[in-house]
Amino acid sequence: MSVREIPVLYIEGDGVGPEITPVMIDVLEHAVSKAYGDSVRLVFEEVLAGTKAEKLTGDSLPEETLERISQVGLAIKGPLMTPVGKGKRSLNVALRQLLDLYVCQRPVRYFEGTPSPLRHPEKVDMVVFRENTEDIYAGIEWSAGSAEAARVISFLSSEMNVRKIRFPQTSAIGIKPVSEEGSKRLIRAAIDFAIDDGRKTVTLVHKGNIMKFTEGGFLKWGYELAKDEYGAYEKDGSLFIPADGTDILINDCICDAFLQNILLKPEKYSVIATLNLNGDYVSDALAAEVGGIGIAPGANINYKTGTAVFEATHGVAPDIAGQDIVNPLSLVLSGEMMLRYKGLREAADYVLKAVEKTIAAKTVTRDFYNLLDDRTGARCLGTKAFGQELVKNM
Ligand code: NAD
């Protein structure tokens, strides 16, 4: 019998990374084995990044790691530490930009029994497509008082007749590039996903009312794309993309109103396409509605090259590292997305079922346990034991 071997690179991650990574690997291997017996095998190979890479190679993001991810095209990573305000680039942002992983995809759904601040968290079922390579995140900025900031300010005032910088002597300056190509490839990925997944709405989330040409451009290009590439048509004042079954409504929402609406009427939204900074806020706000960052999965994907890096969306959680209390679900569910991305649907379903069953039985890690309104019958497990429970419930 021939065995389909699927190479998967993994970055262990800093802080709680070494605790959640083995749980993720164990759960995925069991799910694949349950679904396909010996005919499919995930072949995990470690690549270095973060503190571990720095210690072993002197470089926190070795060239070899980037090369290997480009070659294999599939990786999953734990969180990596970014020192704040020390001029050091975020490794996460660097990975996304160097591999041109232009889509940050974050599904947000509710698992029965998860503690939530909403009265009806079951109404939350969205997939966020956040643009990953542009916007204010491009990292083009200069600190207040620097010669570079002074030069840019002088250029703006003398050559561009800009008079709107309130305090030119003490301003830091940042640049926000937003392109037609960058916007369209992100929105295309969101629409394609909506079509493939049978979703009914795609919403473009933006601040085009204030940033007319950057965020306003994103909006304009989104609607253009829907019409030019997908044959979107108008009906009763709304725009629809033809699809099998029910056509898909494409609309837009200003980001601040959107953050309000996801609390008041989350059922109105399904697939979200948005820019980098909005996407950052929106993803965490949505995650909080259905259990917080401890459970929210994510992926960074370039749909043209196929390269995809799946990741825990939370940080390195230094306050709880090494205590066997971290919730491994963000990374486990990122692994579930990875299985689905590789077409291993049956294995992905096993992971989802295990998570559903375990949480519904009120078997949880400490973060969830502390938030439960009713702890009758609940069990608070350590990270390792919780992982074993997932495997048992598969
Ligand atoms: P954080 O996500 O590490 O922690 C925020 C809070 O949430 C902490 O109280 C932490 O204990 C808790 N928490 C996070 N994940 C949890 C989990 N799985 N289970 C239970 N509790 C969990 O965010 P932070 O404190 O803002 O950042 C710490 C470091 O992580 C920084 O260096 C930051 O740059 C980095 N970071 C990395 C990523 C990434 O690698 N994708 C994302 C965010 C932050």
- request: Treat the chain as a sphere of radius equal to its Kirkwood radius over Cα pairs and apply Stokes-Einstein at 4 °C in a medium of 1.567 mPa s; give the translational diffusion coefficient in µm²/s, rounded to a whole number.
  value: 58
task: Pull up the DSSP beta bridges for the chain and report the antiparallel fraction as a percent, rounded to 5.
output: 45
- prompt: Which of the aspartates and glutamates could a cross-linker span from Lys392 if the Cα-Cα distance has to be under 12 Å and same-chain partners fewer than 8 positions apart are dropped?
  reply: Asp26
message: Give me the dipole magnitude in Debye, nearest 20, for region 97-198 about the Cα centre, with unit charges on the beta carbon: positive for Lys and Arg, negative for Asp and Glu.
response: 520
- prompt: Residue farthest toward the positive end of the dipole of region 177-241, with Cβ of Lys/Arg at +1 and Asp/Glu at -1: which of Gly182, Tyr230, Gly216?
  reply: Gly216
- prompt: Within region 200-230, what residues put their amide N at less than 13 Å from the label point 7 Å along the Cα-to-Cβ vector of Tyr281?
  reply: 205-211
- request: Compute the long axis of helix 255-264 from its Cα atoms, compare it with the longest principal axis of the Cα atoms of the chain, and write down the angle in degrees, 0 to 90, nearest 10.
  value: 40
- line: Using alpha-carbon positions, the gyration tensor of region 304-394 gives root eigenvalues a ≥ b ≥ c; with a/c under 1.5 called rounded, otherwise prolate if a/b exceeds b/c, else oblate, the class is oblate
- prompt: Which pairs break 26 Å Cα to Cα here: Lys123/Lys304; Lys55/Lys77; Lys357/Lys384?
  reply: Lys123/Lys304
- line: CD proxy, 222 nm, the chain: helix-only mean residue ellipticity via -39,500 (n - 2.57) per DSSP H run with n ≥ 4, per residue, nearest 500, stands at -12500 deg cm²/dmol
statement: Tilt, helix 215-230 to longest principal axis of the chain (alpha-carbon atoms), in degrees rounded to tens, equals 70
query: Could you name the lysines in cross-link range of Lys176, using Cα to Cα under 19 Å and dropping any fewer than eight places away on the same chain?
result: Lys164, Lys184, Lys207, Lys212, Lys220
Assigned charges on the beta-carbon of Lys, Arg, Asp, Glu; region 209-327 dipole about Cα centre (debye): 200
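Any read-out appearing in this document is the output of simple, stated calculations on the displayed coordinates, not a laboratory observation. Quick caveat, the model's predicted, so the values are computed rather than measured. FYI the Cβ positions are ideal-geometry reconstructions off the backbone, even for glycines, and counts take in every protein chain you see.
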